[in-house]
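Report on the structure given below.
The values are calculated or read from the model by the stated rules, or taken from the named source; none is laboratory data. In this text, all values refer to a predicted model and were calculated from it rather than measured experimentally. So basically every Cβ, Gly included, is an ideal-geometry build from the backbone, and we count neighbours across all protein chains shown. Note: areas computed on protein heavy atoms with side chains; ligands, DNA, RNA excluded. Shrake-Rupley method; radii C 1.70, N 1.55, O 1.52, S 1.80 Å.
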Amino acid sequence: MSTTINEKPTAFITGATSGIGLATAKIFAANKINLIICGRRKKRLDELKKELSRHTKVFILEFDVRDKNTVFEAIASLPEEFSNIDILINNAGNAHGLDSIEEGSLDDWEAMLDINVKGLLYVSKAIMPGMIKKKSGHIINIGSIAGKEVYPMGNVYCASKYAVDAINQGMRIDLNKYGIRVGAINPGLVETEFSKVRFKGDDGRADATYKGYKPLQPEDVADVIHFMVTRPSHVNIADLLILPTAQASATIVNKEL
Ligand code: NDP
Ligand code: 8X3
């Protein structure tokens, strides 16, 4: 693998307890990438560590990306063996609610901006210095089709993902002088816990999101992320949109109901 100067690269994955982050941790582990897996649900992190330690070295960091001080303390606390981070997967995030703008909840808006935008920035701010020092590294930001197209009732979630798109471009420009690769993958509909969170445990509504067509599976996205980080070091996949075949745009999905 030509990603890094390390013999076995180390990847830091936020939101590894579920969905895209979990699938990415699994494919990375199967390919002997050392892992720092992050999330708030410690029990899931413990179980994942147990499973993946058969393939690679795994370290757990339990923190809420919204909590600035905890983010910096957690990353500063990494043992020597895991402190040289080659790959950062900025994945933690969710939609909270799906409401017309005038009916949106302030708590939902704050959650999306605090997690999807500010949390991503805190984690990046803590990890970039190490990459800058060694003049190498690879940051992958998980955006969304919601960061490319605004759809009805997507308002603030879309704003958070448009911000991720802008941050991805800004990082790529500003980190260019250090030889750090920065790229985004922007998925359409992926069957994860995303809709359970968006609809606050309304499983009927969440399940309906993925009915009548074949949505992307988290492994489909993880596979592409693994492809991105295993390109030769002169190749940077800067911005990629991945959709289920049944989906043509944010609002056009060919469903058989
Ligand atoms: P999941 O709900 O399955 O996973 C979300 C992950 O983010 C969990 O591991 C969760 O961990 C973590 N997370 C959420 N909030 C926080 C927080 N405050 N602090 C730390 N970690 C947090 O959803 P997906 O896998 O689908 O989502 C992953 C990313 O993909 C998100 O950025 C999402 O916006 C994006 N995306 C998803 C799409 C989809 O259709 N599913 C499509 C396009 C983009 P824990 O709860 O343990 O903290
Ligand atoms: C998740 C995909 O279409 O629900 O980012 O916004 S969508």
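List the helices (runs of 4 or more DSSP H) inside segment 1-81, counting only whole elements, that have at least 2 residues being touching a helix residue (DSSP H, G or I) at 6+ places or on another chain (Cβ under 6 Å) and touching a residue at least 60 places away in the same chain (Cβ under 8 Å).
Values: elements: 19-30, 42-52, 68-76.
Correct list: 19-30.
Looking for something crowded, with 20+ Cβ neighbours inside 10 Å, under 30 Å from Asn176 (Cα atoms) and either more than 12 Å from ligand 1 (Cβ to nearest atom) or among the basic types (Lys, Arg) (or both) - is there at least one such residue anywhere in segment 65-77?
yes
Which count do you get for residues in segment 175-191 that are among the charged types (D, E, K, R) and out of contact with any strand residue (DSSP E or B) (no Cβ under 9 Å at 6 or more places or on another chain)?
Residues flagged as among the charged types (D, E, K, R) and out of contact with any strand residue (DSSP E or B) (no Cβ under 9 Å at 6 or more places or on another chain) within segment 175-191 amount to 1.
Regarding segment 123-143, can at least one residue be identified that is crowded, with 19+ Cβ neighbours inside 10 Å, modelled with pLDDT of 95 or more, touching a strand residue (DSSP E or B) at 6+ places or on another chain (Cβ under 8 Å) and under 12 Å from Asn94 (Cα atoms)?
yes
Among the listed residues Val182, Val156, Val150, Val190, identify the single one that is within 12 Å of ligand 1 (Cβ to nearest atom) and not aromatic (Phe, Trp, Tyr). Lay out the reasoning, then the answer.
On the way: Val182 fails: within 12 Å of ligand 1 (Cβ to nearest atom); Val156 fails: within 12 Å of ligand 1 (Cβ to nearest atom); Val150 fails: within 12 Å of ligand 1 (Cβ to nearest atom).
Among Val182, Val156, Val150, Val190, only Val190 is within 12 Å of ligand 1 (Cβ to nearest atom) and not aromatic (Phe, Trp, Tyr).
Of the residues Gly104, Gly130, Gly119, Gly97, which single one is among the small types (Gly, Ala, Ser) and on the phi > 0 side of the Ramachandran plot? Give the steps one after another, and end with the answer.
Values: Gly104 fails: on the phi > 0 side of the Ramachandran plot; Gly130 fails: on the phi > 0 side of the Ramachandran plot; Gly119 fails: on the phi > 0 side of the Ramachandran plot.
None of the others qualify; the one that does is Gly97.
Scan segment 1-13 and give yes if some residue there is open to solvent by less than 20 Å² (accessible area, probe 1.4 Å), of a type in the set (Ser, Thr, Tyr) and over 18 Å from the mean Cα position of the chain (by Cα), otherwise no. Spell out the reasoning first.
The initial filter retains those residues of segment 1-13 that are open to solvent by less than 20 Å² (accessible area, probe 1.4 Å), namely 3, 9-13.
Those left that are additionally of a type in the set (Ser, Thr, Tyr): 3, 10.
Narrowing further to those that are over 18 Å from the mean Cα position of the chain (by Cα): 3.
Yes, that holds for at least one residue.
Examine segment 82-102 for a residue that is free of Cβ contacts under 8 Å to residues at least 40 places away in the same chain, over 26 Å from Asn236 (Cα atoms) and open to solvent by 10 Å² or more (accessible area, probe 1.4 Å), and state whether such a residue exists. Full working, then the answer.
Initially, segment 82-102 is screened for residues free of Cβ contacts under 8 Å to residues at least 40 places away in the same chain, giving 102.
If we keep only those that are over 26 Å from Asn236 (Cα atoms) too, we end up with 102.
Restricting the remaining residues to those that are open to solvent by 10 Å² or more (accessible area, probe 1.4 Å) gives 102.
There is at least one residue in segment 82-102 that is free of Cβ contacts under 8 Å to residues at least 40 places away in the same chain, over 26 Å from Asn236 (Cα atoms) and open to solvent by 10 Å² or more (accessible area, probe 1.4 Å).
Looking only at segment 189-197, decide whether some residue is of a type outside the set (Phe, Trp, Tyr), in contact with a Phe, Trp or Tyr (Cβ under 6 Å, 6 or more places away or on another chain) and under 14 Å from Ile20 (Cα atoms). Quick ask: steps written out before the conclusion?
Our first condition is that a residue be of a type outside the set (Phe, Trp, Tyr); within segment 189-197, this holds for 189-193, 195-197.
Pick out the ones that are also in contact with a Phe, Trp or Tyr (Cβ under 6 Å, 6 or more places away or on another chain) and you get 191.
Those left that are additionally under 14 Å from Ile20 (Cα atoms): 191.
Yes, segment 189-197 contains a residue that is of a type outside the set (Phe, Trp, Tyr), in contact with a Phe, Trp or Tyr (Cβ under 6 Å, 6 or more places away or on another chain) and under 14 Å from Ile20 (Cα atoms).
Of the conditions (1) within 12 Å of ligand 1 (Cβ to nearest atom); (2) within 15 Å of Arg198 (Cα to Cα), Ala163 clears all except one; give me its number.
Exception for Ala163: condition (2).
I'd like to verify a number: residues in segment 160-180 that are surrounded by 18 or more Cβ atoms within 10 Å (Cβ to Cβ) and under 17 Å from the mean Cα position of the chain (by Cα), how many? First the steps, then the outcome.
So the first thing to find is which residues in segment 160-180 are surrounded by 18 or more Cβ atoms within 10 Å (Cβ to Cβ), and the list is 160-165, 167-168, 171-172, 175, 180.
Imposing the further condition that a residue be under 17 Å from the mean Cα position of the chain (by Cα) reduces the set to 160-165, 167-168, 171-172.
Selection size over segment 160-180: 10.
Would you confirm whether any residue within segment 213-221 is open to solvent by 60 Å² or more (accessible area, probe 1.4 Å), in contact with a helix residue (DSSP H, G or I) (Cβ under 6 Å, 6 or more places away or on another chain) and more than 30 Å from Ser100 (Cα to Cα)?
Yes, segment 213-221 contains at least one residue that is open to solvent by 60 Å² or more (accessible area, probe 1.4 Å), in contact with a helix residue (DSSP H, G or I) (Cβ under 6 Å, 6 or more places away or on another chain) and more than 30 Å from Ser100 (Cα to Cα).
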